[in-house]
1. Yes or no: the range 148-160 includes at least one residue that is buried (at least 22 other Cβ atoms within 10 Å of the Cβ) and not in a loop (DSSP other than H, G, I, E, B).
2. If only one of 47, 90 is touching a strand residue (DSSP E or B) at 6+ places or on another chain (Cβ under 8 Å) and in the same structural domain as residue 130 (by TED's automatic domain parsing), which one is it?
3. Do the conditions hold for residue 31, that is, is it farther than 14 Å from residue 144 by Cα, touching a helix residue (DSSP H, G or I) at 6+ places or on another chain (Cβ under 9 Å), at pLDDT below 95 and not in a helix (DSSP H, G or I)?
4. Considering only residues that are surrounded by fewer than 18 Cβ atoms within 10 Å (Cβ to Cβ) and in contact with a strand residue (DSSP E or B) (Cβ under 6 Å, 6 or more places away or on another chain), look in the range 59-76 and name the one that is modelled with the lowest pLDDT.
5. Looking at the range 58-73, is at least one residue closer than 23 Å to residue 162 by Cβ and over 17 Å from the mean Cα position of the chain (by Cα)?
């Protein structure tokens, strides 16, 4: 009976590990060029480009990445909102980016340098939807860097507010 245990254990552990690692493998796999309108460009030191030396992502590709819903109040508006979008750590993993910080650029050329540690310490998302609808450009969309403010009140600082970029168009990985 004890001699069979290791073989049984191998039969069980192998598939469990495989299924546990599949999401990470899927994220790291090279993504095809987008078929829809490009919402985000990731450029710089990345290992998984899909258009030239950049990673271009459309809405569908962004929605396929590991995501999160955050219900929170935000410092620049009244009320509580429900935001949804991919985790920024998943976006960087899809790009094959390894850096200590990234530079996020908005449509109006505003830029913020964000420590990558933020994406691992908190579930920071690239919000695509607010209250169940795509975020329009006139409402600071189509993408926003969003921190879980209500879950972590320590994030309600001026420096974090400056990292909460609206109208996101690109991420530069130095």
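1. No, there is no match, as no residue in the range 148-160 is buried (at least 22 other Cβ atoms within 10 Å of the Cβ) and not in a loop (DSSP other than H, G, I, E, B).
2. On the way: 47 fails: touching a strand residue (DSSP E or B) at 6+ places or on another chain (Cβ under 8 Å).
Unique residue meeting the criteria: 90.
3. So residue 31 passes the test.
4. Among those that are surrounded by fewer than 18 Cβ atoms within 10 Å (Cβ to Cβ) and in contact with a strand residue (DSSP E or B) (Cβ under 6 Å, 6 or more places away or on another chain), it is 73.
5. Looking for residues that are closer than 23 Å to residue 162 by Cβ and over 17 Å from the mean Cα position of the chain (by Cα), one finds at least one in the range 58-73, hence yes.
The values are calculated or read from the model by the stated rules, or taken from the named source; none is laboratory data. All values derive from a computational prediction rather than experimental measurement. When we count neighbours, we look across all protein chains shown, and the Cβ atoms used for this are built from the backbone with ideal geometry, even at glycine.
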